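Have a look at the structure below, then the notes.
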Amino acid sequence: MKLLLIIAWLLSFPLSGHAQKAKNMNTKPATETEIRNIIENYYFKGIYEGNTELLTKAFYKGALVFGDVDGVPYFKTAEQYIEGVGNRISPEKSGKGFKAEIISIDVINSIAVTKLNVRMYDFNYYNFITFNHIDGKWMIINKTLTNVHP
């Protein structure tokens, strides 16, 4: 009986809630171009070259990096992640292949989510990177990653 009352109570709320309607969303093509530029010229180039200055320009100071690499949980702050990139032999200097591509970019107002594939060393990473428009520029605020074996 309690369950039926709870269900009836929940159904009494309108399903539309306060969600924003799609027709009001701002998804300017120029915004996607800005985000693509950050990914290609700061993020991809930064990890390929081991260039921590480029990565620092792309990441918000408080950004977090989560994921798993071969089933092992992975968690770092942006600062720790960037430091790690600077302390390893870069894909550029390793002589191993590097291929990075943008699979998708979705933008709604001041947030964006991108799906990327980065192949480097012996890894095939899929990254989901969240951006936010902060103080007039797009910044990476969160990165999740996983390594996928073929």
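Just so it is clear, none of the values below were taken in a lab; they were calculated from the coordinates. Because the structure is a prediction, the values reported are computed rather than measured. Please note: Cβ atoms are built from the backbone with ideal geometry, for glycine as well, and neighbour counts cover all protein chains shown.
Summarising the amide proton neighbourhood of Tyr74: residues at separation of 5 or more, or on other chains, whose placed amide H is nearer than 5 Å comprise Gly67, Asp68, Val69. Think of each Lys and Arg Cβ as +1 and each Asp and Glu Cβ as -1; about the Cα centre, that makes the dipole of region 89-150 roughly 160 debye. Computed from backbone phi, the HN-Hα couplings of region 31-46 come to 5, 4, 5, 4, 5, 4, 4, 5, 4, 6, 9, 10, 6, 4, 5, x Hz, rounded to whole numbers (Karplus: 6.51 cos²θ - 1.76 cosθ + 1.60, θ = phi - 60°; Gly and Pro given as x).
Compare the peptides 69-77, 122-130, 142-150, 43-51 by average per-residue count of other Cβ atoms within 10 angstrom and give them in order, highest first.
Values: 69-77: 11.2, 122-130: 16.9, 142-150: 14.1, 43-51: 19.9.
Packing proxy ranking, top to bottom: 43-51, 122-130, 142-150, 69-77.
Counting only aspartates and glutamates at least 8 places from Lys93 when in the same chain, those with an alpha carbon closer than 18 Å to its own are Glu49, Glu53, Glu83, Asp122.
Neighbour counting of Cβ atoms within 10 Å sorts the residues Ser104, Ser94, fewest neighbours leading, into Ser104, Ser94. Karplus-derived 3J(HN,Hα) values for region 75-86, using 6.51 cos²θ - 1.76 cosθ + 1.60 with θ = phi - 60°, are 8, 8, 7, 4, 4, 5, 4, 5, 4, x, 4, x Hz; glycine and proline are entered as x.
Charges were assigned to the Cβ only: +1 to each Lys and Arg, -1 to each Asp and Glu. The resulting dipole of region 26-147 about its Cα centre is roughly 80 debye.
Specify whether the C-alpha gyration tensor of region 26-147 places it in the rounded, prolate or oblate class, a ≥ b ≥ c being the square roots of the eigenvalues: rounded for a/c under 1.5, otherwise prolate if a/b is larger than b/c and oblate if not.
Working: a/c = 1.57, a/b = 1.54, b/c = 1.02.
Cα axes put region 26-147 in the prolate bin.
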